[in-house]
Amino acid sequence: MTYLVLVYAVLHASLLIWTLSWAGPASMRLWLLRLLLAGMIFDNVVQGFGHWIGDDALLQTLNHGRYCLHAAFLPWLTVLGVSMMRQAGIAVASSVYLWCAALVFTVAAVAFGLYHDALILELQVQDSFGIYKFVSTSQSPPFGTILTNFFVIVMGVAVWRATGWSWMAVGAGAIFALNGATASLAWGFMVGNFAEILFVASLLATERHFMQGVSFREAAQPQPSV
């Protein structure tokens with residue numbers, strides 16, 4: 001299993017390198033996805049090299065960083081989802097009220113996550129399936145992550161209905177279903193890490209889809225006659 005999470009890290013790195021080859025200016029959505037990929041690379045590398053790091057104090061600090069990065073960046077996918085809806089030409093995504101709601105939720109989720117996973121986080125050693133790492137002692141569900149995932153599913157379905165592009169909805173639905181089905185299993189974190197690859201790949205594919213042509217909003221606008 002140690003080598004499997006390192007393979008996951010390589011796959012995330014491959015996706016990150018792939019985005020750097022894209023022509024044209026990078027949107028804020030793409031930069032957010034790149035930051036997420038960097039965090040996922042760090043997450044899998046720390047888990048993969050746990051046994052080889054040797055110093056428990058250093059390893060605990062690195063694992064604390066995994067939780068902090070997750071809490072700081074993941075909730076911003078709600079804002080990304082609204083932006084993708086607007087790019088798809090969905091009228092409600094231009095509403096200032098929706099943007100305000102998305103920003104309020106995101107800031108609240110980040111604040112709660114940093115409090116829960118940085119300030120009061122308590123870690124304990126876990127050595128299973130050949131992976132030596134520190135994990136949270138908390139038994140409470142990751143509410144911010146769950147809600148963010150749910151919102152992205154809803155937004156992905158909206159993009160699907162408006163444009164016929166299903167990848168965003170399918171990727172968000174896949175990680176929600178896989179995490180929900182395996183969260184209580186000892187090896188569930190391996191499935192969760194794999195689901196992250198599917199999820200971020202689906203978001204990258206959606207961003208790439210928008211970058212390769214005009215937005216659906218622009219395409220829907222009548223063109224002036226010659």
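How big is the equivalent ellipsoid of the chain along its three axes, where each semi-axis is √(5λ) from the Cα gyration tensor, reported in whole Å from largest to smallest? Each semi-axis is the square root of five times an eigenvalue, giving 34, 19, 15 Å. Stretching the chain fully between residue 103 and residue 181 yields a gain of 25.1 nm (0.36 nm per residue, less the alpha carbon separation).
A dipole drawn for the chain from +1 and -1 charges on Cβ atoms has a positive end, and of 128, 14, 62 the residue lying farthest that way is 14. Of interest is the spacing of the C-alpha centroids, which for segment 111-125 and segment 164-195 amounts to 23 Å. The GNM of the chain, with springs linking C-alpha atoms under 10 angstrom apart, assigns the highest mean-square fluctuation among 74, 178, 37 to 178. Where a ≥ b ≥ c are the square roots of the eigenvalues of the C-alpha gyration tensor, would you call segment 93-188 rounded, which needs a/c under 1.5, or, failing that, prolate if a/b is larger than b/c, or oblate? Since a/c reaches 1.5 but b/c is at least a/b, the shape of segment 93-188 is classed as oblate. Each of 137, 174, 84 was scored by the projection of its Cα onto the charge dipole of the chain, and the greatest displacement toward the positive side belongs to 84; charges sit on the C-beta of Lys, Arg, Asp and Glu. Here segment 1-99 is treated as a sphere whose radius is the Kirkwood value from Cα pairs; by Stokes-Einstein at 20 °C and 1.002 mPa s it diffuses with a coefficient of 139 µm²/s. Each of 24, 37, 72 was scored by the projection of its Cα onto the charge dipole of segment 1-136, and the greatest displacement toward the positive side belongs to 24; charges sit on the C-beta of Lys, Arg, Asp and Glu.
Read the figures in this text as sums done on the coordinates, not as results from a lab. Quick caveat, the model's predicted, so the values are computed rather than measured. Note that each Cβ is placed from the backbone with ideal geometry, even for glycine, and that neighbours are counted across all protein chains shown.
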